[in-house]
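A short worksheet on the structure shown next.
The values are calculated or read from the model by the stated rules, or taken from the named source; none is laboratory data. Bear in mind that the values here come from a model prediction, so they are computed numbers and not experimental data. We place every Cβ from the backbone using ideal geometry, glycine too, and count neighbours over all the protein chains shown.
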Amino acid sequence: MTLPVGYFDAMYAASPDPWGFTSRWYERRKYALTLAALPRPRYAAAFEPGCSIGVLTEQLAARCDRLLSVDLAEQAVATAAERVAGCPHVRVRPGRMPQDWPDEDFDLIVLSEVGYYLGDADLDTLLDRAVASLRPGGDLVAVHWRHPVADYPQRGDEVHERLDRVPGLARLVRHEEADFRLDVHTRTPPPARSVAEREGLC
């Protein structure tokens, strides 16, 4: 079963940064690897569900012409909106996934530490909607913690294994460590091309 809103409200009530996004080297390094894995230097329209307090949002903003970020926790949304207040091309709003998936299309979707909070049916719906709203040739990034967490309906590896089976996607990048997994998939058709192929190097 998908974790309820109250779970996250309690986390933010206990701490404004409950996962240490602003304080841990682990998180800073993971964000740097996520940004480095993006196959394109810039994107026209990006979507980040589950943006939390907007630490990654702020960094994605520098790579996107337009960015929509959502979170189901009101306190997180307020913090994220304040963090990117100087970025007029970024919208931050409340939203619960997958129910409030936007009726827009994107060339980048970032699922960072969000899939394992969802029950089976909601995760399937989220992945279906992600593919449906991803433009041909667009990129879908997934990053998840690999260690078990008793409260979470899914493990990170399970999210990525399900993503590998979704029709219409081809994996370009796989980065796996003991702690987290990072995958980048491209919407097909057209056929997926590596960064070197995109730049005519091979």
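A few remarks follow.
- Subset of region 104-122 that is touching a residue at least 60 places away in the same chain (Cβ under 8 Å) and assigned to a helix (DSSP H, G or I) - its residue that is surrounded by the fewest Cβ atoms within 10 Å (Cβ to Cβ): Asp122
- Looking across region 64-75, the residues that are over 14 Å from Pro102 (Cβ atoms) and acidic (Asp, Glu) come down to Asp65, Glu74.
- Residue list for region 35-63, restricted to those being farther than 23 Å from Arg96 by Cα and not aliphatic (A, V, I, L, M): Pro39, Arg40, Pro41, Arg42, Tyr43, Arg63
- For region 1-19, the set of residues classified as within 22 Å of Val92 (Cα to Cα), of a type outside the set (A, V, I, L, M), in contact with a helix residue (DSSP H, G or I) (Cβ under 6 Å, 6 or more places away or on another chain) and assigned to a loop (DSSP other than H, G, I, E, B) consists of Pro18 only.
- Going through (1) over 17 Å from the mean Cα position of the chain (by Cα); (2) within 27 Å of Arg171 (Cβ to Cβ) one by one, Ala32 falls short only on (1).
- Flag for Arg129 being within 19 Å of Asp100 (Cα to Cα) and crowded, with 16+ Cβ neighbours inside 10 Å: yes
- When restricted to residues that are more than 24 Å from Ser23 (Cα to Cα) and either buried (at least 24 other Cβ atoms within 10 Å of the Cβ) or not hydrophobic (A, V, I, L, M, F, W, C) (or both), region 37-55 contains 7.
- Meets criteria (touching a helix residue (DSSP H, G or I) at 6+ places or on another chain (Cβ under 7 Å) and modelled with pLDDT under 95) for Cys87: no
- Residue in region 42-53 that is assigned to a strand (DSSP E or B) and more than 14 Å from the chain's Cα centre (by Cα) present: yes
- Each residue in region 56-68 was checked for being over 12 Å from Pro88 (Cα atoms) and surrounded by 21 or more Cβ atoms within 10 Å (Cβ to Cβ), and 3 pass.
- Unmet requirement for Ala36, which otherwise passes all of (1) part of a helix (DSSP H, G or I); (2) in contact (Cβ under 8 Å) with a residue 12 or more places away in the chain: (2)
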